[in-house]
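**Student:** So that we are looking at the same thing, I have put the structure below in structure tokens.
The values are calculated or read from the model by the stated rules, or taken from the named source; none is laboratory data. Treat the numbers as computed from the prediction; the structure is a model and nothing was measured. So basically every Cβ, Gly included, is an ideal-geometry build from the backbone, and we count neighbours across all protein chains shown. The area values use the complete protein model at the heavy-atom level, side chains included, leaving out ligands, DNA and RNA. Shrake-Rupley method; radii C 1.70, N 1.55, O 1.52, S 1.80 Å.
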Amino acid sequence: LLVMVLGVVVGGLVIGFQVRPESSLLMTVLAITSIFLYISVYALHSHLQSKRVVHAMKQISEQKAQIEEKQALLQERSDALQLSKVTAEEAKRAAEEANRAKSRFLANMSHELRTPLNAIIGYSEMLKEESADLGVTQLEPDLEKIRSAGQHLLGLINEVLDLSKIEAGKMDVFVERFDIGALLHEVASTVQATAAAKGNSLEVKAEPGLGAMRADLT
């Protein structure tokens with residue numbers, strides 16, 4: 001509108017705001033041409049501006065569609081991640097419950113597992129004493145093997161049951177006073193046979209008179 005008004009003003013100034021028959025044809029044509037040029041420039045500018053606006057709106061619409069697509073994809077991934085998290089938590093709870101059930105089972109089986117082993121150990125000791133009284137010494141080595149194997153198996157079962165009791169929260173701690181040097185000697189004696197079987201040597205260096213401590217000896 002401003003360009004049109006300016007065109008009219010310029011044309012009017014050229015022809016004196018009067019349409020006079022005596023005005024030259026050249027001046028009239030120039031005035032009309034000036035008005036046409038101003039209007040054309042305005043129309044071209046408006047057309048180009050409209051094209052830019054339409055192009056910008058298309059770009060905004062495309063970007064909006066891309067953003068919505070990415071948001072939908074992100075929501076799908078978020079839902080999948082949440083589902084995986086829930087599944088993992090359920091699997092973890094199931095595994096923990098199975099582990100607790102296993103621990104409870106082993107802890108409750110303590111008496112059932114130890115009773116027959118104690119009977120085997122006890123009868124082997126009784127048979128060993130009776131064979132010595134009867135003078136049947138050739139049976140003593142085999143009876144000793146039965147007794148030592150039973151003791152070894154009982155020790156293994158006790159260790160497994162102690163571990164299961166710890167997992168089940170049923171482990172009792174027996175605090176007592178014991179000598180540290182004797183404890184080191186006992187542990188070294190237990191490990192020495194395994195080390196020697198593998199061709200290794202075990203050497204324990206401890207200061208004399210380490211004293212005693214209060215804890216659970218086992």
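**Student:** Can you say whether residue 20 is of a type in the set (Lys, Arg) and modelled with pLDDT of 75 or more, as far as the supplied structure shows?
**Tutor:** It is false that residue 20 is of a type in the set (Lys, Arg) and modelled with pLDDT of 75 or more.
**Student:** Okay, next question. Restricting the range 148-201 to residues that are in a loop (DSSP other than H, G, I, E, B) and open to solvent by 80 Å² or more (accessible area, probe 1.4 Å), which is modelled with the lowest pLDDT?
**Tutor:** It comes out as 170.
**Student:** Which number in (1) open to solvent by 70 Å² or more (accessible area, probe 1.4 Å); (2) under 30 Å from residue 146 (Cα atoms); (3) without any contact (Cβ under 8 Å) to a residue 60 or more places away in the chain; (4) of a type in the set (D, E, K, R) marks the one condition that residue 102 misses?
**Tutor:** Residue 102 satisfies every listed condition except (3).
**Student:** Could you figure out which of (1) open to solvent by 60 Å² or more (accessible area, probe 1.4 Å); (2) among the polar types (S, T, N, Q); (3) more than 19 Å from the chain's Cα centre (by Cα) isn't true of residue 87?
**Tutor:** All conditions pass for residue 87, except number (3).
**Student:** Taking the conditions exactly as written (open to solvent by less than 90 Å² (accessible area, probe 1.4 Å) and farther than 24 Å from residue 150 by Cα), does residue 80 satisfy them or not?
**Tutor:** So residue 80 passes the test.
**Student:** Just need a number here: residues in the range 113-147 that are at pLDDT 80 or above and under 22 Å from residue 103 (Cα atoms).
**Tutor:** 3
**Student:** Do we find that residue 209 is modelled with pLDDT under 90 and either surrounded by 13 or more Cβ atoms within 10 Å (Cβ to Cβ) or assigned to a loop (DSSP other than H, G, I, E, B) (or both) in this structure?
**Tutor:** Here the answer is yes, as residue 209 does meet what is asked.
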